[in-house]
Amino acid sequence: MISLLSLLKRAFKEPRDVLSILLLMVGFLFLLVEIARIWPIRVPSRLINVSLAGALFYLGLRIKSSVDLRYYIPTVLGSLLFPPLLLLSFVSAMSRGGDGRGASQQDQPDLLSLSFRSVLVVCESIGLASSLAVSMASLLSANRRVVLVDWLGDAVERLKDAEVKIARPEELWFGHAGSLGPSYYMTASLLLSYMSGVNPSLIAEVLKTGDTSLLEDVRIPEPGRSLLLQLFGEGGSPLHEALPEVAGVLIIDASRLSAAGKDAISLMVLLQSAAYERRDFVVIAPLLSPLTEERVPHQIRDEIRWLVSSLGKGGAVITSIEDSLVYSNEFDFVLACDECENPTYRLDSYRLCPSPNRRARRGV
């Protein structure tokens, strides 16, 4: 009977046999993970990863067999070019299909590519902005992980065909500082203090320690105390742990919160997403105050500018009303909802166009 040891000796006669198997295994795992995350392949930024997997496969096979060195190096170099060229042609063909795009604006990026940047969508009302946010989440959820702040409470019904997870605000924990470190707690406490009127030092302590009993002090002014208790729950999950595994939507149901609570949860979700240095999900959130209030303190405006500028790393879409255009130059793209005859994008019943007032409202 042939022993396991003898089989291994036959399989690995030389060191290059071991190297060949390792390259094949790494290439297979690399390719398996990437295909599971992005198939069908519609994200050009990940093509290099698939190409690398193909190159590892090729090297593993070539090393296994005897090779004429006169042809080995140019063949390997040539193989590195083949996978990206093949996949780029595939992506180009798909993008010409016009998924979510208007026929007259083919020079614009499709909505999937746009979701990797920071985007402001301006609508006539916050109700329209909230509804549009659900439509955008529905489109993007087929290819990306999406965090949707649902103000209206109808997202679950409208996203029946998507992979969906649902969480109330108190079921999440917003104390993950990530790459922002101590500045995260400072920014979060300032924004929440502005929204609730509660001392920022107390808010920062709750975020750092997770001790929500600090908010049960009856001396904390209302309605700020109740607002914060609705946002912070005991033992909540970090945002990245609550997301769908591959693609789909995490719906944060904010429909039962007050107007101030809705704004507060949108701000915290946006800020929490900025704390992830390598973020592979897009945030879609309606936002009204303090984005649209005229008498916002200068310090809060600076924090909002910084927050918006930090969102482009993994993508974020903020839907709001026209007053938010004062921050338009902080976004990578600004779109207007239902304000043109020849839209750049069509999404459900909505028409999206580049905002004509992007630079006209830069008055902050």
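Computed quantities for the displayed model
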read-out: Test result for residue 324, touching a residue at least 12 places away in the same chain (Cβ under 8 Å), open to solvent by 10 Å² or more (accessible area, probe 1.4 Å) and either small (Gly, Ala, Ser) or part of a helix (DSSP H, G or I) (or both); value: no
read-out: Complete set of residues in segment 241-261 that are at pLDDT 90 or above, touching a strand residue (DSSP E or B) at 6+ places or on another chain (Cβ under 8 Å) and open to solvent by 30 Å² or more (accessible area, probe 1.4 Å); value: 253, 255
read-out: Residue satisfying condition, being closer than 13 Å to residue 311 by Cβ, basic (Lys, Arg) and either open to solvent by less than 10 Å² (accessible area, probe 1.4 Å) or assigned to a loop (DSSP other than H, G, I, E, B) (or both), within set 279, 295; value: 279
read-out: Residue, nearest to residue 264 (Cα to Cα), within segment 150-166, restricted to residues that are open to solvent by less than 10 Å² (accessible area, probe 1.4 Å) and touching a helix residue (DSSP H, G or I) at 6+ places or on another chain (Cβ under 6 Å); value: 155
read-out: Selection from segment 307-331 of residues that are out of contact with any strand residue (DSSP E or B) (no Cβ under 8 Å at 6 or more places or on another chain) and more than 16 Å from residue 266 (Cβ to Cβ); value: 313, 326, 329
read-out: Lone unmet requirement of (1) of a type outside the set (Val, Ile, Thr); (2) under 22 Å from residue 311 (Cβ atoms); (3) open to solvent by less than 60 Å² (accessible area, probe 1.4 Å) for residue 176; value: (3)
read-out: Matching residues, segment 211-256, being of a type in the set (S, T, N, Q) and in a loop (DSSP other than H, G, I, E, B); value: 255
read-out: Among the residues listed as 216, 170, 222, the single one being under 20 Å from residue 241 (Cβ atoms), charged (D, E, K, R) and open to solvent by 20 Å² or more (accessible area, probe 1.4 Å); value: 170
read-out: Filter result (surrounded by 23 or more Cβ atoms within 10 Å (Cβ to Cβ), over 13 Å from the mean Cα position of the chain (by Cα) and in contact (Cβ under 8 Å) with a residue 40 or more places away in the chain) within segment 226-240; value: 231, 232
read-out: Those residues of segment 184-214 which are touching a residue at least 40 places away in the same chain (Cβ under 8 Å), touching a helix residue (DSSP H, G or I) at 6+ places or on another chain (Cβ under 6 Å) and among the hydroxyl-bearing types (Ser, Thr, Tyr), in sequence order; value: 187, 194, 196
read-out: So residue 308, is it in a helix (DSSP H, G or I), in contact (Cβ under 8 Å) with a residue 12 or more places away in the chain, touching a helix residue (DSSP H, G or I) at 6+ places or on another chain (Cβ under 6 Å) and not aromatic (Phe, Trp, Tyr); value: yes
read-out: Members of segment 111-149 that are in a loop (DSSP other than H, G, I, E, B) and open to solvent by less than 30 Å² (accessible area, probe 1.4 Å); value: 115, 141, 143, 144
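The values are calculated or read from the model by the stated rules, or taken from the named source; none is laboratory data. These numbers were taken from a predicted model, which means no experiment stands behind them. Backbone-built Cβ (ideal geometry, glycine too); neighbour counts: all protein chains shown. Just so you know, the surface numbers come from the protein's heavy atoms only, side chains and all, with ligands and any DNA or RNA stripped out. Shrake-Rupley method; radii C 1.70, N 1.55, O 1.52, S 1.80 Å.
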